[in-house]
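Input: a single structure, listed below in structure tokens.
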Amino acid sequence: MFNFGKKREVTTDELAVEEAISRSISTILPSKEDFKKILLSGKKLKIYLGADATGSQLHLGHATNLIFLERLRKLGHDIVILFGDFTAMIGDPTGKDIARVQLTEDQVAENIKSWKDQVGKVINLGTSNAPEFVKNSKWLSKLNFKDLVKLSSNFTVQQMIERDMFEKRLQEHKPIYLHEFLYPLMQGYDSVALNVDAEVGGNDQTFNMLAGRILQKSYNHKEKFVIATTLLVNPKTGKKLMSKSEGGYIALNDSYTDMFGKVMALPDEVLVSMFIDCTYVSMEEIEQIKQQLVSGVNPRDIKVRLAKEIVTMYHSKEQADQAEKNFIKAFSKGGVPDEIQTLNIPNGTLLKDVLVKEGIVTSNADWKRLIEGNAVSHAGTNEVITDLYAKTEKDVTLRIGKKRFVKISVK
């Protein structure tokens with residue numbers, strides 16, 4: 001006799017799978033249903049994330065994908081983290097209206113020195129199924145011209161120039177360099193060399209990930225899932241929140257004080273998406289937070305909660321509590337935090353060089369934007385620095401923007 005009224009109990013794994021494929025996901029190709037089915041089948045998948053070594057810091061935008069991978073690692077799947085040392089020397093044209101600057105081998109090697117430690121802040125590296133770390137120079141540097149012709153034969157020129165950024169450049173009569181067409185081929189070949197079942201990346205990487213899907217079918221006669229995650233974007237301006245080129249990203253290795261302050265500087269309209277994409281707070285609780293914001297709760301209180309969640313993830317609960325105290329002292333009482341980063345710098349060094357090198361300011365362009373916006377000053381006296389080429393001449397504590405501080409100690 002059949003019992004149609006009894007509901008089947010949902011397993012812990014099913015709940016974990018649903019959480020993984022529903023949160024921070026833009027699209028899954030060929031389909032979310034197919035991916036869910038294979039995750040629940042018990043088959044172990046090999047899933048990879050690649051990041052080009054264009055800078056020394058990973059940020060919360062990368063963390064969205066790392067959190068997704070950590071969820072799947074806990075479900076028993078094999079995770080591969082690829083450092084794009086070779087592709088960084090080509091330059092990803094995604095979203096760019098001009099060609100990227102190509103990096104040297106030495107620059108790339110310097111950039112990835114601490115990446116493994118930064119990944120370890122999100123993914124557990126001390127387990128039996130810890131992620132594998134690879135560099136794509138291992139196989140891309142060995143490709144010869146014959147290999148390149150074979151790779152290229154899988155794509156048409158029309159496929160390449162249909163990309164938004166290339167269409168825009170053509171309309172604006174800006175150059176498109178031939179090596180930029182080669183980038184998606186190189187990233188796509190990573191899937192072949194690793195022989196993966198799936199790739200995860202931001203939804204701005206969908207074209208490149210689909211190139212890998214095409215090549216995986218061609219070379220290994222195998223399907224590859226493409227998991228495109230949502231980007232951290234301000235819904236009002238459309239600007240990326242974690243853009244190295246535009247400044248303002250929150251790095252995984254920021255000090256706990258800087259991390260807290262940067263979160264507090266985020267616009268109110270991104271709070272809910274930040275909770276979804278950058279924390280492990282449950283969706284039920286995030287729904288309550290959303291309702292609180294609608295009902296008129298001060299966004300600052302919600303932002304403090306978000307800042308403490310993030311600082312606890314990358315540092316500790318104790319340091320999150322200390323960061324909150326520092327913040328209150330600095331901004332509610334007009335003081336300077338008790339614990340701020342100190343840099344020991346030779347006399348006569350350009351401030352911009354120091355701050356960019358240490359990651360306190362993201363780029364020379366970010367420094368220029370801050371100076372022109374009167375956003376760099378001497379803490380305490382509030383004297384604004386207006387000289388782009390100001391040098392270190394005496395010990396000073398700088399306020400950068402509203403919520404960042406750094407102490408300069410001159411040798």
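The sole residue among L45, L103 that is at pLDDT below 90 and not small (G, A, S) is L103.
Cβ-Cβ contacts under 8 Å between residues 6 or more apart (or on different chains), taken from a first residue in the range 272-290 that is of a type in the set (F, W, Y) to a second residue that is assigned to a loop (DSSP other than H, G, I, E, B), are listed as F275/V281.
Look at (1) crowded, with 19+ Cβ neighbours inside 10 Å; (2) of a type outside the set (A, V, I, L, M); (3) free of Cβ contacts under 8 Å to residues at least 40 places away in the same chain and you find that D258 fails only one, number (3). Counting only residues that are β-branched (V, I, T) and at pLDDT 90 or above, the range 234-267 holds 2 of them.
Applying the condition of being under 21 Å from the mean Cα position of the chain (by Cα) and under 18 Å from S24 (Cα atoms) to the range 283-312 and asking which residue is surrounded by the most Cβ atoms within 10 Å (Cβ to Cβ) yields I310.
Could you please let me know if T392 is surrounded by fewer than 20 Cβ atoms within 10 Å (Cβ to Cβ), at pLDDT below 80 and not charged (D, E, K, R)? Full working, then the answer.
Details: surrounded by fewer than 20 Cβ atoms within 10 Å (Cβ to Cβ): no; at pLDDT below 80: yes; not charged (D, E, K, R): yes.
In short, no.
Number of residues in the range 192-238 that are out of contact with any strand residue (DSSP E or B) (no Cβ under 8 Å at 6 or more places or on another chain), in contact (Cβ under 8 Å) with a residue 40 or more places away in the chain and in a helix (DSSP H, G or I): the value is 7.
The test for being in contact with a strand residue (DSSP E or B) (Cβ under 6 Å, 6 or more places away or on another chain) and either β-branched (V, I, T) or in contact (Cβ under 8 Å) with a residue 60 or more places away in the chain (or both) holds for I385.
Is at least one residue of the range 169-183 closer than 30 Å to C278 by Cα and touching a helix residue (DSSP H, G or I) at 6+ places or on another chain (Cβ under 9 Å)? Don't jump to the end; show me each part of the working.
The initial filter retains those residues of the range 169-183 that are closer than 30 Å to C278 by Cα, namely 183.
Next, from what is left, pick out any that are touching a helix residue (DSSP H, G or I) at 6+ places or on another chain (Cβ under 9 Å): 183.
Within the range 169-183, one or more residues are closer than 30 Å to C278 by Cα and touching a helix residue (DSSP H, G or I) at 6+ places or on another chain (Cβ under 9 Å).
Among the candidates E172, E180, single out the residue that is modelled with pLDDT under 95, buried (at least 17 other Cβ atoms within 10 Å of the Cβ) and over 18 Å from the mean Cα position of the chain (by Cα).
Numbers: E172 fails: buried (at least 17 other Cβ atoms within 10 Å of the Cβ).
Only one candidate qualifies: E180.
The values are calculated or read from the model by the stated rules, or taken from the named source; none is laboratory data. Just so you know, these numbers come straight off a predicted model, no measurement behind them. Note that we place each Cβ from the backbone using ideal geometry, even for glycine, and neighbour counts take in every protein chain shown.
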